[in-house]
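Derivation of every value follows stated rules applied to the coordinates shown; laboratory data play no part. All values derive from a computational prediction rather than experimental measurement. A quick note on method: Cβ atoms are made from the backbone with ideal geometry, for glycine too, and the neighbour counts reach across all protein chains shown.
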Amino acid sequence: MTFSPRVTHLAPEGAYAMLSRAQALEAAGREIIHLEVGQPDSLTFENILQAGIQAIRDGHTRYTPSAGVPALRQAIAQDAGRRRGIAFKPSQVVIGPGAKPALFYPTLALVRPGDEVIYPDPGFPTYEAMVGVAGGIPVPLPLREEAGFSFDLEAFDSLLSEHTRMVILNSPSNPTGGVLSLADLEHIADAAIEHDLWVLSDEIYSRLVYDAPAASIASLPGMAERTIICDGFSKTYAMTGWRLGYGIMPEALAERVGLLITHSVGCTADFTQVAGLEAIQGPQEQAEAVVLEYRRRRDALVAGLNAIPGVRCQKPQGAFYAFPNISALGRSSSWLAEYLLEEAGVALLPGTAFGKYGEGYLRLCFANSLENLLLAVERMAEALRRL
Ligand code: PLP
């Protein structure tokens, strides 16, 4: 079959592939600890569940405007603006089924064939995929472990060219847990203004921070008009399967992105949007308590990993992933991920699932019980001793 070059580069996400491998082992009777998929282990909070169920009963089961229901766009503009110290208009907010549309559609709307897009590597696999679909050239930027997985700013400067159209940021980061410092954001913002670039700032983990808040580049002078913020409900409110996210961007771009939604998915499910309104306007205690719990798990997992000979793990500042350096073990990260699945019954991802600069690392999601995390570390230590 012959395909358009728009799709020939697409590959499955590593997490889905590993999950199905792990499930096949489970079907054969093995007991597996799942640290591969990045989603909260808790169910959607009760008040949100109830709001969604009631919304279905109340008839919120029909089309909505493509960019989202006005009440939710307004609530998002207020809430996301207050958290970042920026005044947003509801017309700048576009709601979509998940945060992914807020990455994909602005990229389709802005990136022309031949345009270069700088993105973090290791990074979320959708970045490279969507730039390719848009006909752009993905330009991977290595992250620096010794700088808390921040950008290598010298490398960043050297990658800028007359063809650069957009820079993608993800702070806190999947898979590293790194948070970009204000100084690094200022450097990137200066470059964006000087070279007239767009910045796509994926802030889906902005509420999951453990030591200090993560700044948004959109709040820096001159940046709101060239930044697209991508955020959503999946991680903060344990709503991955509801599919609800949003982008905040300049109005003219929001209009184009709304049209892409009109002509692709049409709109986001109405009852999901009603549930999202409750998520924002209802009590926030549970969302805040979850962060404290994740921090406890992070500390235990990182300490456990650092006690394994040959493994070195930084403390992630945000998101819910540990990204240990395993290069001293002398095996590739994909070999080790396979080995740990088979020998330790621990499903995790090789760093290379997030790009070539992920070699030498593994990613473990710590949105799992403390008990499972400690057991996973124990089993990993034992299996790695046998290497
Ligand atoms: N951005 C990053 C960095 C992610 O890790 C994810 C999900 O794993 C997303 C975006 C997509 O979020 P959603 O499931 O809301 O589309």
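Assorted remarks:
- Mean residue ellipticity, 222 nm, helices only, the chain: the sum of -39500 (n - 2.57) across DSSP H runs of n ≥ 4, divided by residue count and rounded to 500, is -12500 deg cm²/dmol.
- Candidate aspartates and glutamates for bridging to K356, where Cα separation is under 16 Å - those fewer than 8 sequence places away on the same chain excluded: E13, D121, E128, E145, D152
- Virtual paramagnetic centre 7 Å along Cα→Cβ of Q281, amide N under 19 Å, in the stretch 33-54: 45-54
- Taken along the Cα-to-beta-carbon direction at a fixed 7 Å, the label points for E186 and L292 span 3.4 nm.
- Neighbour counting of Cβ atoms within 10 Å sorts the residues M130, M1, M380, fewest neighbours leading, into M1, M130, M380.
- If R0 equals 45 Å, the separation of the Cβ atoms of M1 and W335 corresponds to a calculated FRET efficiency of about 0.90.
- The dipole here belongs to the stretch 150-263: it is taken about the Cα centre, uses +1 on the Cβ of Lys and Arg and -1 on the Cβ of Asp and Glu, and is about 680 debye.
- Zero-based 10 Å bins, Cα pair distances in the chain, whole percents: 5, 23, 32, 26, 12, 1
- Positive-end extreme of charge dipole, the chain - chosen from A353, S201, S158 (charges on Cβ): A353
- The alpha-carbon of K89 sits under 14 angstrom from the alpha-carbons of these aspartates and glutamates, leaving out residues fewer than 8 places away in its chain: D79, E225, E251, E255.
- Antiparallel bridges, percent of DSSP beta bridges restricted to the chain (to nearest 5): 45
- Residue among V111, G276, L220 farthest towards the positive dipole end of the chain, charges placed on Cβ: G276
- Reach of K235 by Cα under 23 Å, taken over lysines that are not fewer than 8 positions away in the same chain: K100, K315
- Net +/- balance of residues flanking E203 in space, Cβ distance below 11 Å, scoring K and R +1, D and E -1: +2
- Relative contact order for the chain, counting Cα pairs under 8 Å that sit 6 or more residues apart, in percent: 24
- Estimated from the Cβ-Cβ distance and a Förster radius of 30 angstrom, the FRET efficiency linking T8 and K356 is about 0.95.
- The stretch between E31 and E378, if pulled fully straight at 0.36 nm per residue, gains 123.4 nm over its current Cα-Cα span.
- With the simple model of a label 7 Å out from the Cα in the direction of the Cβ, Y63 to Q23 spans 3.3 nm.
- About its Cα centre, the dipole of the chain is roughly 640 debye, where the only charges are +1 on Lys and Arg Cβ and -1 on Asp and Glu Cβ.
- Proximal charge balance of S327 [Cβ under 11 Å; K/R count +1, D/E count -1]: 0
- Positive-pole candidate from I188, I261, I56, dipole of the stretch 46-281, charges at beta carbon: I56
- From least to most packed, judged by other beta carbons within 10 angstrom and beginning with the fewest, R83, R297 follow the order R83, R297.
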